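This report refers to the structure that appears directly beneath it.
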Amino acid sequence: MLKVNTQPLINKKNLLAFSAGVDSSALFFILIENHIKFNIAIVDYGVRAQSKEEVAHAKALAKKHKLFCHTIQAPKFTKNFEKQARDFRYEFFDSLVTIEGYDYILTAHQLNDQLEWFLMRLSKGAGVSELLGLEALSKRKNYTLVRPLLNYSKAELLHYLNMHNYPYFVDESNSDKKYERNKFRHQFSDALLAEYKEGIARSFDYLQKDKEVLESAFTLKVSQKELRIITLHAQEAKVRAADITFKKLGYLLSAAQREEIEKEQSLVIGGAWAVEYQDGLLYIAPYMRTDMPKTFKEVCRVNKIPSKIRPYLFQENIDPTLIIPH
């Protein structure tokens, strides 16, 4: 049995993001072997002939082990499939958290996924925080995202399944090189892990510790709806703080946008997000333009709320006198 720390999952309401593939099947049976209580959720994207079989398998597996299986049929995505599929999947998970009250959502991301992300970001230009896209624990608004398998390679998970004769499906789309991640997987990460797995795993542990030190240079002070106010202990941390904050808001900054944030004190990102730096505080909120009463604008001025942030506060009825950290 693979040694996975399941202690934090005990006495929690857990939901496993299940696909019937190698990774999520391995995590499914690891949880079963460790007597962890959980349910599963699977999305049918309808793009492969075997997707119906995978959903039927998920339902049968859940029934056999006395679990509940949440299922949903995704609409047909005509462009940018990977992003739209991911957004749809997490909206589904978010709705289940709201309705069912799950504490943790478990995903089966593993070492190959970690390395693929690292290489893709490395090729585009990124710092330590951006290179490490996957964390063992990620706090979200209403739940915690848990990735218990980050130290194991896909080859190890496959060996575990085969050794125990556990069932799984192979997703044929994982071989389609029209997807960027698959290109990096087949040309780079699989070969690197086959020869240097132990060293790569140790490197990610070291990098994670370095990231924690770097991120101590700023502190999240306010989180209301989609408003974030971050205290910067060093101005040099502005880009890093913005990048991490946007990632948690579901938006990935480009290299050009990071450079813009570094240079400017007040700007709009992608026509959608306002970013303001003032008095050691970094403000991030959805960008809006709306008429505001003079009294509201005056309250914002007295409380030193940056101008691009004010419309969002007004729109969302957030009191400007209560949000500034002291």
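Highlighted here are the helices (runs of 4 or more DSSP H) found entirely within the stretch 272-326 that include at least 1 residues which are under 18 Å from Ser223 (Cβ atoms) and free of Cβ contacts under 8 Å to residues at least 60 places away in the same chain: 310-315, 320-323.
In the stretch 120-134, how many residues are surrounded by fewer than 17 Cβ atoms within 10 Å (Cβ to Cβ) and either in a helix (DSSP H, G or I) or on the phi > 0 side of the Ramachandran plot (or both)? It would help to see each step written out before you state the result.
Initial filter on the stretch 120-134 (surrounded by fewer than 17 Cβ atoms within 10 Å (Cβ to Cβ)): 122-125, 127-128.
Imposing the further condition that a residue be either in a helix (DSSP H, G or I) or on the phi > 0 side of the Ramachandran plot (or both) reduces the set to 122-125, 128.
Counting residues in the stretch 120-134 that are surrounded by fewer than 17 Cβ atoms within 10 Å (Cβ to Cβ) and either in a helix (DSSP H, G or I) or on the phi > 0 side of the Ramachandran plot (or both) gives 5.
Within the stretch 11-53, the only residue that satisfies the criterion of being crowded, with 22+ Cβ neighbours inside 10 Å, aromatic (Phe, Trp, Tyr) and in a loop (DSSP other than H, G, I, E, B) is Phe18.
Check whether at least one residue in the stretch 72-83 is part of a helix (DSSP H, G or I) and within 24 Å of Ile244 (Cβ to Cβ), and report yes or no. Yes, the stretch 72-83 contains a residue that is part of a helix (DSSP H, G or I) and within 24 Å of Ile244 (Cβ to Cβ).
Return yes when Ala237 is of a type in the set (A, V, I, L, M, F, W, C) and under 17 Å from Met120 (Cβ atoms) and no when it is not. Against the criterion (of a type in the set (A, V, I, L, M, F, W, C) and under 17 Å from Met120 (Cβ atoms)), Ala237 does not qualify. Please work out if Glu236 is assigned by TED's automatic domain parsing to the domain that holds Ser307, farther than 30 Å from Glu91 by Cα, out of contact with any Cys (no Cβ under 9 Å at 6 or more places or on another chain) and not basic (Lys, Arg). Spelling it out, Glu236 is indeed assigned by TED's automatic domain parsing to the domain that holds Ser307, farther than 30 Å from Glu91 by Cα, out of contact with any Cys (no Cβ under 9 Å at 6 or more places or on another chain) and not basic (Lys, Arg).
Within 22 Å of Phe184 (Cβ to Cβ) and in contact (Cβ under 8 Å) with a residue 60 or more places away in the chain: does that describe Gln110? Before the answer, list the steps.
Working: within 22 Å of Phe184 (Cβ to Cβ): yes; in contact (Cβ under 8 Å) with a residue 60 or more places away in the chain: yes.
Yes: the conditions hold for Gln110.
Against the test of being outside any strand (DSSP E or B) and more than 20 Å from the chain's Cα centre (by Cα), the options Lys209, Lys221, Lys238 yield a single qualifying residue, Lys238. One residue stands out among those in the stretch 250-266 that are in contact (Cβ under 8 Å) with a residue 12 or more places away in the chain and surrounded by 15 or more Cβ atoms within 10 Å (Cβ to Cβ): the one that is farthest from Arg121 (Cα to Cα), which is Ile261. The requirement of being closer than 27 Å to Thr144 by Cα and either assigned by TED's automatic domain parsing to the domain that holds Gln114 or not in a helix (DSSP H, G or I) (or both) is not satisfied by Ile244.
Listed by first and then second residue, the pairs with beta-carbon distance under 7 Å, at least 6 apart or on different chains, first residue in the stretch 197-218 and hydrophobic (A, V, I, L, M, F, W, C), second surrounded by fewer than 16 Cβ atoms within 10 Å (Cβ to Cβ) and part of a helix (DSSP H, G or I), are Ile200/Leu192; Leu207/Val128; Leu214/Val128.
Output yes when any residue across the stretch 213-225 is over 23 Å from Ser307 (Cβ atoms) and in contact with a Phe, Trp or Tyr (Cβ under 8 Å, 6 or more places away or on another chain), and no when none is. Spell out how you get there, then give the answer.
Going through the stretch 213-225, the residues over 23 Å from Ser307 (Cβ atoms) turn out to be 213-217, 219.
Then keep just the ones that are in contact with a Phe, Trp or Tyr (Cβ under 8 Å, 6 or more places away or on another chain); that gives none.
Scanning the stretch 213-225 turns up no residue that is over 23 Å from Ser307 (Cβ atoms) and in contact with a Phe, Trp or Tyr (Cβ under 8 Å, 6 or more places away or on another chain).
Leu158 meets all of the listed conditions (1) under 22 Å from Phe18 (Cβ atoms); (2) in contact with a Ser or Thr (Cβ under 7 Å, 6 or more places away or on another chain) but one, namely (2). Considering every residue within the stretch 135-156, establish whether at least one is in contact with a strand residue (DSSP E or B) (Cβ under 8 Å, 6 or more places away or on another chain), free of Cβ contacts under 8 Å to residues at least 60 places away in the same chain, part of a loop (DSSP other than H, G, I, E, B) and crowded, with 18+ Cβ neighbours inside 10 Å. Yes, some residue in the stretch 135-156 is in contact with a strand residue (DSSP E or B) (Cβ under 8 Å, 6 or more places away or on another chain), free of Cβ contacts under 8 Å to residues at least 60 places away in the same chain, part of a loop (DSSP other than H, G, I, E, B) and crowded, with 18+ Cβ neighbours inside 10 Å. Of all residues in the stretch 164-222, those being of a type in the set (A, V, I, L, M), under 23 Å from Ser123 (Cβ atoms), surrounded by 14 or more Cβ atoms within 10 Å (Cβ to Cβ) and at pLDDT 90 or above number 5.
The values are calculated or read from the model by the stated rules, or taken from the named source; none is laboratory data. What you are looking at is a predicted structure, and each value in this text was computed from that prediction instead of being measured. Cβ sites come from the backbone with ideal geometry, for glycine too, and all protein chains shown count toward neighbours.
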